[in-house]
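The values are calculated or read from the model by the stated rules, or taken from the named source; none is laboratory data. Predicted model only: the values in this text are computed from it and were never measured. Reconstructed Cβ throughout: ideal geometry from the backbone, glycine too, with neighbour counts over all protein chains shown.
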Amino acid sequence: YESRYLLGTSIARPVITKGLVDVAHQEDCGYLAHGATGKGNDQVRFQLHMNSLDPTLKIIAPWRIPKFFNRFAGRQDLLEFAAEHNIPVDQTKKKSFSMDENLAHVSYESGVLEDPNSPYPMDMFKMSVSPQDAPDQTTHLEIEFKNGDPIRVTNKDDGTDHTDPYFLFCYLNDIGGANGIGRIDVVENRFVGMKSRGFYESPACTILRQAHLDIEALVMDKKVMDIRDSLIQKYSELVYNGFWFSPEMTYLRSIVDLSQKHIDGVVSLELYKGNVTIRARSSPRSLYDETLASMDEQGDYDPTDAEGFITLNGLRLKAATRSNA
């Protein structure tokens with residue numbers, strides 16, 4: 001989202017909502033409740049997902065009930081209430097920021113983090129070490145993809161190997177976090193109309209994104225990639241804004257899923273002090289022709305063909321220059 005945020009919170013909301021609705025059906029419930037604040041995106045996401053999955057369910061949102069938000073203006077009031085009633089919480093008044101943790105990431109926002117010009121607390125992060133404190137040696141990994149999905153990760157240094165999707169993801173979080181991978185500090189545009197500052201730790205997502213982009217570059221047709229790239233902003237906005245189950249998202253997912261057919265191969269990479277560096281890639285479906293790309297031999301490429309290609313592409317540029325003279 002907005003070129004940087006890997007949507008760890010956003011993508012979790014349809015999963016959580018699907019689970020809630022399933023339980024509601026099992027228990028014959030008529031109501032669902034959520035604790036999302038009245039200023040955040042999650043209130044929108046949860047309710048849009050609920051509307052899509054079962055529009056007959058009624059929704060209770062305490063943060064939009066005057067009796068509640070007049071009693072609890074914010075997190076400080078909630079922390080005081082928790083202390084008075086011996087309710088254990090991780091946050092304190094000095095560390096009053098919120099955290100949202102799932103398999104994809106940990107997010108931090110609000111409280112002491114709301115000033116965009118204020119540095120974040122160095123002891124805040126849960127999933128990763130600071131790049132400065134990461135090991136002085138490089139970690140070497142291989143990630144294998146099938147139809148765009150990661151199906152295997154192998155640590156080339158110690159032989160660790162995972163093929164189960166859950167354990168593959170957990171391992172990349174662990175090894176990526178140990179190498180200081182995946183921290184970002186961003187100001188983003190919320191769906192509800194305001195800007196907010198957020199911190200995200202996404203080691204596995206960061207590694208997989210880098211590797212996936214690289215194998216796509218080797219295998220995906222250029223024009224397919226151009227169209228796919230033109231859809232990425234809309235795709236991320238729909239995920240971010242809570243439209244995962246919408247008709248337009250169903251349509252868009254089918255297009256993106258089709259683009260991943262035959263995205264097969266292996267990417268070799270290094271992790272070092274916050275950096276993911278691609279070292280090599282290979283695929284049985286590679287579109288890369290070494291002979292054609294070589295500057296040392298012509299292969300099937302005739303340099304004289306470029307003359308007409310360049311001339312035609314230059315026509316409009318010459319016309320624009322003449323009209324502006």
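Look at region 150-176 and say how many of its residues are in contact with a Pro (Cβ under 9 Å, 6 or more places away or on another chain) and touching a residue at least 40 places away in the same chain (Cβ under 8 Å).
Adding up the residues that qualify gives 5.
I'd like to verify a number: residues in region 292-306 that are surrounded by 10 or more Cβ atoms within 10 Å (Cβ to Cβ) and at pLDDT 75 or above, how many?
Counting residues in region 292-306 that are surrounded by 10 or more Cβ atoms within 10 Å (Cβ to Cβ) and at pLDDT 75 or above gives 3.
So, in region 269-291, exactly how many residues are loosely packed, with under 12 Cβ neighbours inside 10 Å, out of contact with any strand residue (DSSP E or B) (no Cβ under 8 Å at 6 or more places or on another chain) and not in a loop (DSSP other than H, G, I, E, B)?
Of the residues in region 269-291, 2 are loosely packed, with under 12 Cβ neighbours inside 10 Å, out of contact with any strand residue (DSSP E or B) (no Cβ under 8 Å at 6 or more places or on another chain) and not in a loop (DSSP other than H, G, I, E, B).
Exactly one condition in (1) out of contact with any Gly (no Cβ under 8 Å at 6 or more places or on another chain); (2) at pLDDT below 95 is false for Phe97; which is it?
In the conditions (1) out of contact with any Gly (no Cβ under 8 Å at 6 or more places or on another chain); (2) at pLDDT below 95, Phe97 misses (1) alone.
Under the condition of being small (Gly, Ala, Ser) and in contact (Cβ under 8 Å) with a residue 60 or more places away in the chain, which residue from region 1-54 is farthest from Ser202 (Cα to Cα)? So that I can check it myself, show each step before the final result.
Start the filter on region 1-54 by keeping residues that are small (Gly, Ala, Ser), which leaves 3, 8, 10, 12, 19, 24, 30, 33, 35-36, 38, 40, 52.
In the following step, the residues that additionally are in contact (Cβ under 8 Å) with a residue 60 or more places away in the chain were identified as 8, 10, 12, 40, 52.
Details: Gly8: 8, Ser10: 13, Ala12: 13, Gly40: 21, Ser52: 28 Å.
Taking the candidates together, the pick is Ser52.
Among Gly40, Gly35, which is crowded, with 18+ Cβ neighbours inside 10 Å, at pLDDT below 95, closer than 24 Å to Ala24 by Cβ and of a type outside the set (Lys, Arg)? Steps first, please.
Values: Gly35 fails: crowded, with 18+ Cβ neighbours inside 10 Å.
Answer to the check: Gly40.
Tell me the residue from Ser259, Ser236, Ser196, Ser202 that is of a type in the set (Ser, Thr, Tyr), under 30 Å from Ser130 (Cβ atoms), in contact with a Lys or Arg (Cβ under 6 Å, 6 or more places away or on another chain) and touching a residue at least 24 places away in the same chain (Cβ under 8 Å), please.
Ser196 is the lone residue from the list that is of a type in the set (Ser, Thr, Tyr), under 30 Å from Ser130 (Cβ atoms), in contact with a Lys or Arg (Cβ under 6 Å, 6 or more places away or on another chain) and touching a residue at least 24 places away in the same chain (Cβ under 8 Å).
Residue by residue through region 99-132, note down the ones that are surrounded by 15 or more Cβ atoms within 10 Å (Cβ to Cβ) and small (Gly, Ala, Ser).
Passing the criteria: Ala104, Ser107, Ser110, Gly111, Ser128.
Give Asp90, Asp28 a once-over and let me know the one that is out of contact with any strand residue (DSSP E or B) (no Cβ under 7 Å at 6 or more places or on another chain), at pLDDT 95 or above, surrounded by fewer than 12 Cβ atoms within 10 Å (Cβ to Cβ) and not in a helix (DSSP H, G or I).
The conditions single out Asp28.
Here is a check on your reading of the model: is Asp22 of a type outside the set (Phe, Trp, Tyr), over 28 Å from the mean Cα position of the chain (by Cα) and assigned to a helix (DSSP H, G or I)?
Numbers: of a type outside the set (Phe, Trp, Tyr): yes; over 28 Å from the mean Cα position of the chain (by Cα): no; assigned to a helix (DSSP H, G or I): yes.
Against the criterion (of a type outside the set (Phe, Trp, Tyr), over 28 Å from the mean Cα position of the chain (by Cα) and assigned to a helix (DSSP H, G or I)), Asp22 does not qualify.
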